[in-house]
Amino acid sequence: MSKHEIRLRRQRLTARGSDRFRNYGAVLQRHERDMRLKKILRVFTLFLVILIILVLIVIVVRIEKKAVKKNTTTSYTLSQKVAS
Amino acid sequence: MSEDEIRLENEIVARAKRDPKAFAGLYEKYFDRIYFYLLRHTDEEETAGDLCSQTFVNALNHLNRYEFRGLPFSAWLYKIAANEVNKYYRKNKGKKVFSLEEAKVRELVDQNHLMTDMGWDEELIERLLAYLKELPTDMIQVLELRFFEDKDFAEIAFILDMTESGAKMRTYRALDRLRKNFNVKEKYE
């Protein structure tokens, strides 16, 4: 079975048939709307990337703080043991 | 298309990249051709109208990516329109339709000496349509662009995303098959 169908059009295609779809104003409007959406999406993506970076920084700082705290506690206990 | 016309068209495109209102000239120039191309591929006026609007919206949205490659601007529009047609059929899962004008089919037959001594009649049309139906879809696509849209091989290659020699080979093969079916020995020039 073929994947396409061939139909025969008896009349010639004329500009009259296409005129009711010709509307550059509507095309321009859709283009402007698409551009606005694109801009919003770009700003949102940027915001999301900044947020992710900030969250990562906070996580790294916390982990570092915890590690430093652990180190200080360990060295304090050791010095106490040595003194006694 | 003359070099002056191509240069003028490029100037309009450059202007439209800064101000989309300047695109109106190209819209008016190519609207009918793109609409008829889409109508041949869908056979539904409403669908062709919608796809035509979408084609021009896409062209405007991606105008900054357009680069001149020695082809008329219309080739780029046809490429977008062809993508829209493919998207439409993928979405609707229907059979691809080629709605061909009788007058153009006659031209195709005359140009390629497919006419046999029996002359032009309903039976010949039916036979031709039956053969076209049996051809693979990609061959019909090149024949349609070559004989119904009057595109040269470079443009066909660009529109269908293939090499120029590939487009030529596909056209000649399609015509050879048609000729074989019509028992015509003359070669395509």
**Message:** Of B:72, A:57, B:59, which is farthest towards the positive pole of the protein assembly as shown's charge dipole, taken about the Cα centre with +1 and -1 on the beta-carbons of Lys, Arg and Asp, Glu respectively?
**Reply:** A:57
**Prompt:** Using θ = phi - 60° and the Karplus form 6.51 cos²θ - 1.76 cosθ + 1.60, what ³J(HN,Hα) does each residue of segment B:172-182 get, whole Hz, x for Gly and Pro?
**Reply:** 4, 4, 4, 5, 4, 4, 4, 4, 4, 5, 9
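Quick one: putting +1 on the C-beta of Lys and Arg, -1 on the C-beta of Asp and Glu, what dipole do you get for the protein assembly as shown around its Cα centre, in Debye to the nearest 20? Intermediate values should be presented prior to the final figure.
Working: 51 positive and 41 negative charges, 511 e Å.
Here the size comes out at about 2460 debye.
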**Request:** Restrict the search to segment A:1-66; then list the trypsin sites (Lys or Arg not before Pro) that DSSP places in a loop and that have at most 12 other Cβ atoms within 10 Å of their Cβ.
**Result:** A:3, A:10, A:12, A:20
**Between A and B, accessible area buried - total, square angstrom, nearest 100, 1.4 angstrom probe** = 3600 Å²
**Request:** Would you mind checking the tilt of helix A:24-83 against the longest principal axis of the Cα atoms of chain A, expressed as 0 to 90 degrees and rounded to 10?
**Result:** 10 degrees
**Asked** Could you work out the helix-only [θ] at 222 nm for chain B, with each DSSP H run of four or more residues adding -39,500 (n - 2.57) and the total divided by the number of residues, to the nearest 500 deg cm²/dmol?
**Response** -22000 deg cm²/dmol
**For segment B:73-82, Karplus couplings with θ = phi - 60° (6.51, -1.76, 1.60), whole Hz, Gly/Pro x** = 4, 4, 4, 5, 5, 4, 5, 5, 4, 4
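Hey, what did chain B get for relative contact order, percent, Cα under 8 Å, at least 6 apart?
On the way: 139 pairs, mean separation 38.0, N = 189.
Value for chain B: 20 percent.
Per residue, how much accessible area does chain A show when a 1.4 Å probe rolls over the protein heavy atoms, in square angstrom?
Details: 7530 Å² over 84 residues.
I get 90 Å² per residue for this part.
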**Request:** Please list the non-local residues whose amide H lies under 5 Å from the amide H of residue B:66, H modeled 1.01 Å from N, same-chain partners needing a gap of 5 or more.
**Result:** none
**Prompt:** Using a 1.4 Å probe on protein heavy atoms, which residues of segment A:12-37 have at least 40 Å² less accessible area in the complex than alone?
**Reply:** A:12, A:13, A:18, A:20, A:21, A:22, A:24, A:27, A:28, A:30, A:31
**Asked** Longest exposed-loop-site-free stretch of chain B, with trypsin sites (Lys or Arg not before Pro), DSSP loop and at most 16 other Cβ within 10 Å?
**Response** B:96-184
**Message:** Explain nothing, just the number: relative contact order of segment B:3-92, from Cα pairs under 8 Å at least 6 residues apart, as a whole percent.
**Reply:** 31 percent
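What percent does the relative contact order of segment B:102-182 come to when contacts are Cα pairs within less than 8 Å and at least six residues apart?
On the way: 41 pairs, mean separation 28.0, N = 81.
For segment B:102-182, the relative contact order is 35 percent.
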**Request:** Pop out the carbon and sulfur fraction of the accessible area of segment B:102-182 as a percent, whole number, probe 1.4 Å.
**Result:** 46 percent
**Request:** Mind checking the per residue accessible area of segment B:3-92 for me, 1.4 Å probe, whole number of Å²?
**Result:** 48 Å²
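Sum up the charges of everything whose Cβ sits under 14 Å from the Cβ of residue A:63, counting Lys and Arg as +1 and Asp and Glu as -1, but leave residue A:63 out. Please list the in-between numbers first.
On the way: positive: A:62, A:65, A:66, A:69, A:70; negative: A:64.
Overall, the nearby charge balance is +4.
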**Request:** Counting only chymotrypsin sites (Phe, Trp or Tyr not before Pro) that are in a DSSP loop and have at most 16 other C-beta atoms within 10 Å, tell me the longest site-free stretch of chain B.
**Result:** B:121-187
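Where Lys and Arg each count +1 and Asp and Glu each count -1, what net charge lies around residue A:40 among other residues with Cβ under 14 Å from its Cβ? Numbers along the way, then the final one.
Numbers: positive: A:33, A:36, A:38, A:39, A:42; negative: A:32, A:34.
Around residue A:40, the charge tally is +3.
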**Request:** Specify the residue with the greatest mean-square fluctuation among B:174, B:22, B:103, computed from a Gaussian network of chain B linking alpha-carbon atoms under 10 Å apart.
**Result:** B:103
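The values are calculated or read from the model by the stated rules, or taken from the named source; none is laboratory data. These numbers come from a predicted model, not from an experiment. Positions of Cβ are generated from backbone atoms using ideal geometry, with glycine treated the same way; all protein chains shown enter the neighbour counts. Accessible surface areas use protein heavy atoms only, side chains included; no ligands, DNA or RNA. Shrake-Rupley method; radii C 1.70, N 1.55, O 1.52, S 1.80 Å.
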